[in-house]
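Accompanying notes for the structure given below.
What follows draws every value from the coordinates through simple rules; no lab data is involved. Only a predicted model underlies this, so the values are computations on that prediction, with no experimental measurement involved. All Cβ positions, glycine included, derive from the backbone under ideal geometry; neighbour counts span all protein chains shown.
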Amino acid sequence: MSESTPPQDPGSHPAEPVPGMPPGMLPGMPPIPPGVLGPPGGPPPPADGDPPPIETFTQYDQERDVFHCSYGPVQPARTVWDEDREIQVRLDMHSRRVVGFSIPEFAKWLEEHGTEDGGFEMDLPEHWEGALDN
């Protein structure tokens, strides 16, 4: 490289397109199956009066055997014990809106509450009506 040629930053320009590959795909990337990203143009807008869909985030901590689920981004929350479901329910700090849940001793809980296919269903209310002092 001569002194008059500035050094090139490899991240400063897009990769050259590869013939036969869709735009944005790089060699070695597996193809994205149809439908994984949803319908073309994104999901349909919610009907009048319907709330927008909430993205859920889940994590299983195998070392501690705890399953976590957050409705939307993780946020500070108050935790209460739900005796009926045998789970910890997380509530918004300023309201009783349910923002997630955790299941301690998940392997044991799943044996008792799981479905035949190894999954489970959770039927939490949008707003918590139970006690807050436990």
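A simple packing score, the average count of other Cβ atoms within 10 Å per residue, orders the peptides 125-133, 74-82, 86-94 as 86-94, 74-82, 125-133, with the highest score first. The modelled label-to-label distance between Ala107 and Thr56, using points 7 Å beyond Cα along the C-beta direction, is 2.3 nm. Using the average count of surrounding beta-carbon atoms within 10 Å as a protection proxy, the listed peptides 58-70, 111-123 rank, highest first, as 58-70, 111-123. Short-range pairs are left out: with C-alpha atoms under 8 Å and at least six residues apart, the relative contact order of the stretch 62-113 is 38 percent. If Lys and Arg each add +1 and Asp and Glu each add -1, what is the summed charge of the other residues whose beta carbon sits under 14 Å from the beta carbon of Pro76? In short, +2.
Take the Cα of Val66, step 7 Å toward its Cβ, do the same at Phe120, and the gap between the two points is 1.4 nm.
Pairwise Cα separations in the stretch 62-113 fall into 10 Å bins from 0 onward with the following percentages, short to long: 26, 50, 23, 1. Extension gain, Glu83-Asp133: 0.36 nm per intervening residue step, less the Cα-Cα distance, totals 16.7 nm.
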